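What follows is a short report on a single structure.
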């Protein structure tokens, strides 16, 4: 018996809903797939440039989450004593409150890079919001310091398709890390930071530390600060230069190719 018009309409409706759900799931997969890069061991094998693997005789020293007038100046003092420059991935909302500190950082030879406007994960933003947040931070860095930033590290190191599209449009190179100190926990100490870093502190590495506790345990930054002299000493003993990403031999624009164009955002 032929289906009734009503039955045929119901079936067609279910197929339509199924197609919409499938398209939505596919779009979500494309948006979130780059977030797998947060898995450090996988990333090191599949995307060494994204992991910050650079020149074999250089170690890149990077800090996230500042600038913070309560802690960042202490890092600047220690780095000055060590005669070491670093790359600071800054949050726009903190940078806006401390423009003079940012100018002091650049005057001391440090490099500012984009971490986002706030620390909200980029997976929770759509493509347009992602672009606007990153562009706003990039433009503020350039306005305050007179130097356009080259590098981008999203909050938590979590990429999205929107981040990759925005990075390409803004001429920013995404760089995560190959070594970290787990310096954001309440239990972290200089000794624990050094022990965590040790297996991966080698030529070509990019080190992740934090100069601010805005998203960490209160005062956790002291563990990274206390570890800095020994990190510098170990690099020196190994014949490795320690410095910013600008000296790390990373080519601009080495981001993974996004699968969506700005027009489809």
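The values are calculated or read from the model by the stated rules, or taken from the named source; none is laboratory data. All of these numbers come straight from a predicted model, not from anything done at the bench. With ideal geometry, Cβ positions are generated from the backbone for all residues, glycine too; neighbour counts draw on all protein chains shown.
Could you count how many residues in segment 216-255 are crowded, with 17+ Cβ neighbours inside 10 Å, touching a helix residue (DSSP H, G or I) at 6+ places or on another chain (Cβ under 8 Å) and modelled with pLDDT under 95?
The number of residues fulfilling the criteria is 1.
Which residue is farthest from the chain's Cα centre (by Cα), if the candidates are limited to segment 205-249 and must be assigned to a loop (DSSP other than H, G, I, E, B) and closer than 17 Å to residue 87 by Cβ?
Looking at the filtered set, the residue picked out is 240.
Could you please let me know if residue 201 is crowded, with 21+ Cβ neighbours inside 10 Å, touching a residue at least 12 places away in the same chain (Cβ under 8 Å) and either within 24 Å of residue 78 (Cα to Cα) or in the same structural domain as residue 111 (by TED's automatic domain parsing) (or both)? Step through it out loud before you land on a result.
Working: crowded, with 21+ Cβ neighbours inside 10 Å: no; touching a residue at least 12 places away in the same chain (Cβ under 8 Å): yes; either within 24 Å of residue 78 (Cα to Cα) or in the same structural domain as residue 111 (by TED's automatic domain parsing) (or both): yes.
Against the criterion (crowded, with 21+ Cβ neighbours inside 10 Å, touching a residue at least 12 places away in the same chain (Cβ under 8 Å) and either within 24 Å of residue 78 (Cα to Cα) or in the same structural domain as residue 111 (by TED's automatic domain parsing) (or both)), residue 201 does not qualify.
Condition first: over 8 Å from the mean Cα position of the chain (by Cα) and modelled with pLDDT under 95. Now tell me which residues in segment 148-159 satisfy that.
If the condition is that a residue be over 8 Å from the mean Cα position of the chain (by Cα) and modelled with pLDDT under 95, then 159 is the only one that fits.
Within segment 170-198, work out how many residues are within 30 Å of residue 142 (Cα to Cα) and in contact with a strand residue (DSSP E or B) (Cβ under 7 Å, 6 or more places away or on another chain).
Residues meeting the conditions: 11.
Against the conditions (1) part of a helix (DSSP H, G or I); (2) in contact with a helix residue (DSSP H, G or I) (Cβ under 8 Å, 6 or more places away or on another chain); (3) farther than 16 Å from residue 170 by Cα, where does residue 93 fall short? Just the number, please.
Only one criterion is unmet by residue 93, namely (2).
For residue 60, indicate whether it is more than 20 Å from residue 143 (Cα to Cα), touching a strand residue (DSSP E or B) at 6+ places or on another chain (Cβ under 9 Å) and either surrounded by 24 or more Cβ atoms within 10 Å (Cβ to Cβ) or outside the structural domain of residue 171 (by TED's automatic domain parsing) (or both).
yes
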